[in-house]
1. Are any residues in the range 477-492 modelled with pLDDT of 85 or more and open to solvent by 30 Å² or more (accessible area, probe 1.4 Å), and if so, which ones?
2. Having 1 or more residues that are modelled with pLDDT of 90 or more is the bar; report the helices (runs of 4 or more DSSP H) wholly within the range 95-163 that clear it.
3. Cβ-Cβ under 8 Å, sequence separation 6+ or interchain: first residue in the range 508-520 and basic (Lys, Arg), partner assigned to a loop (DSSP other than H, G, I, E, B). Which pairs?
4. Looking only at residues in the range 1-40 that are among the aliphatic types (A, V, I, L, M) and touching a residue at least 60 places away in the same chain (Cβ under 8 Å), which one is nearest to Pro175 (Cα to Cα)?
5. Which residue pairs have Cβ atoms closer than 6 Å, lie 6 or more positions apart in sequence or on different chains, and pair a first residue in the range 305-328 that is farther than 22 Å from Gln256 by Cβ with a second residue that is open to solvent by 30 Å² or more (accessible area, probe 1.4 Å) and at pLDDT 75 or above?
6. I'd like the residue in the range 77-130 that is in contact with a Gly (Cβ under 8 Å, 6 or more places away or on another chain) and among the β-branched types (Val, Ile, Thr) and, out of all such residues, is surrounded by the most Cβ atoms within 10 Å (Cβ to Cβ).
7. If Val539 passes every condition in (1) more than 14 Å from Asp487 (Cβ to Cβ); (2) at pLDDT 70 or above but one, which one does it miss?
Amino acid sequence: MKTFEELGVSSPLLRAIEELGYEHPMPIQEEVIPYLLGTGNDIIALAQTGTGKTAAYGLPLLQKVDPSTREAQAIILSPTRELCLQIAADLKDYSRYIDGLIVGAVYGGASIESQIRSLRKGAQVIVATPGRLIDLMKRGVAKLDAVQNVVLDEADEMLSMGFSESIDEILEGVPTERNTLLFSATMSKEIENIAKGYLHGYKEIVVGSRNEGAENVNHIYYLVHARDKYAALKRVVDYYPKIYAIIFCRTRIETQEVADQLIKDGYNAEPLHGDLSQVQRDVTMQKFRQHQTQLLVATDVAARGLDVDDLTHVINYGLPEDVENYTHRSGRTGRAGKRGTSISIIHLRERGRVRAIERTIGKAFEAGTLPEPKEICTKQLYHAIDRLERIEVDENQIAPFLPEVYRKLDWLTKEDLIKRVVGSAFGRFLSYYADAPDIVQPSGKKELREDRQARNGDKAGRKQRTSADHTPEPGYKRLFLNFGKRDNFYAREIMNLVNRYVKGKVRIGRIDLLTNCSFFEVPEEDAAMVIKKMARAQVGDRRVVVDWADRTPAEAAARAAERGAKKPKRKQQPDFVPKKQLNKKQNWRQFFE
């Protein structure tokens, strides 16, 4: 096995990567680094995420930069802001001992003025998203006359996101005498077209085989009825107590619904999709990288650039339409030499797609059998006991409290105490799985018809959630809240708001999220108290209105006026409806939905 020094990596870079823990080059690095250290060497490298491609192109690029001049000498294009920032951070780590070398990151969703100031100071390496780079080129700030190397990272994803024309415009704006380096997880016709148009005498380097799934990933699918998908997801998550996973959904709506349901059921989950603001997305991804969040429920586009080396699982809550998207999803686990698992929860009509993916990646899926409640409870129990055994006790810290604790618990035997500890740590699973319904694997045409009806029922259910015909669960009352998705209010925000102003734990049942408002259910005996407590609630400078869901708008407006609620401008989400728009029989749901 070769060393980085034998590949030709310079001393300052060697020192930096040794401090980062790099010992031996990965296969793609062995292939790419010596080749790119030459000149006039265009390349297409096909490799999965997590195979070390950033260092493969980053180290030779940095080594070829002349730090004595502030001109831009290398451009790296990435499909998303998140990946752009991650590449820039990696390159800064590699180049920490090269005096005068500056890596600049430019991307959408951030202040263009600060990026203009940064580029004017000079950056030899620019990492960019295509749209923002074109904007800076048109403003005359990004001057690319001296660029010698252009890298397209995750080129297949940039093309699938519609950046083809932007890439053409950027490549036409840099010198023809340059190296063009194209890195992709899959080889598509669009990639071949770019190669023919802009690469000259290129070399193709393949790690594994074309379009192959990551080598260290097991592929499993569970076949269930459409109506049982969420129950199956819970079983999978519960069976792996130490799971650290991304759950991929196909739409933003489905992503938010699955995340809301997981949060409501007590799981440490967060949603990630395009309806969230950039700040919310950054916070969510930061928490996930730091393991503060265990389950990230995401769309494909939102999760681009989220590179985490120690994911245990990727869960497909249904298969993507595009096989290449499956390759990207599964490639996020099984990285850095570790094993990973890609689990797909599918219904009958998706079985054909499994076969298509198998043919493309050259690997067979294992047909899994969902774990039984007893198996799940056993694993969770042993996990709880292991965690209890590993707790480190600071005896000096707790010593002052122990006499009172002993006094209160001295009537319990050791066996009674163990039962209570186990029940406390483990009770949620026991109570759920005691009455958990069976999940039957479908097989025939009858089940296929039922599956189709269930999916159609789900769609109809979503439409009904935007209509006025709602009856709360037995024992619950439905309340109106004047904040909705346009205010970035989702299930977690509603629960936090209620808990902040209503002391003591109030059970919150079903939550329906609309654009301009929301509805949530609380126990009948708590409903009046919640309305009263929430009367003094505010979000920023805006008054919160919580009222009975079946109250007419005129009645609710009159009550809110008594409480001194301010009437916002029409361009904001209105707390109340102008009189000329009111109909006496109209209620909150009819207006907002």
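The values are calculated or read from the model by the stated rules, or taken from the named source; none is laboratory data. What you see is a predicted model; the values in this text were computed from it and never measured. Quick reminder, even Gly has a Cβ in these numbers, built from the backbone with ideal geometry, and neighbours come from all protein chains shown. Each accessible area value is taken on the protein alone, full model and side chains, heavy atoms only, with ligands, DNA and RNA left out. Shrake-Rupley method; radii C 1.70, N 1.55, O 1.52, S 1.80 Å.
1. Scanning the range 477-492 gives a single hit, Lys477.
2. Values: elements: 112-121, 130-138, 155-160.
Filter on the range 95-163 gives 112-121, 130-138.
3. Arg510/Pro472; Arg510/Glu473
4. Taking the range 1-40 first, the residues among the aliphatic types (A, V, I, L, M) are 1, 7, 9, 13-14, 16-17, 20, 26, 28, 32-33, 36-37.
Those left that are additionally touching a residue at least 60 places away in the same chain (Cβ under 8 Å): 13, 16-17, 20, 28, 32, 36.
Numbers: Leu13: 27, Ala16: 31, Ile17: 31, Leu20: 34, Ile28: 27, Val32: 23, Leu36: 18 Å.
So, considering only residues that are among the aliphatic types (A, V, I, L, M) and touching a residue at least 60 places away in the same chain (Cβ under 8 Å), the one nearest to Pro175 (Cα to Cα) is Leu36.
5. Asp307/Gln86; Val323/Thr360
6. Step one: of the range 77-130, the residues in contact with a Gly (Cβ under 8 Å, 6 or more places away or on another chain) are 78-88, 90-91, 94, 102, 108, 115, 118-119, 123, 125-127, 129.
Now narrow it down to the ones that are among the β-branched types (Val, Ile, Thr): 80, 87, 102, 125-127, 129.
Values: Thr80: 22, Ile87: 26, Ile102: 19, Val125: 25, Ile126: 25, Val127: 29, Thr129: 26.
Top of the filtered list is Val127.
7. (1)
Each row is one residue, and each column tells you yes or no for (1) under 11 Å from the mean Cα position of the chain (by Cα); (2) farther than 23 Å from Gly331 by Cα.
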position: Val237; (1), (2): no, no
position: Glu257; (1), (2): no, yes
position: Ala269; (1), (2): yes, no
position: Asp275; (1), (2): no, yes
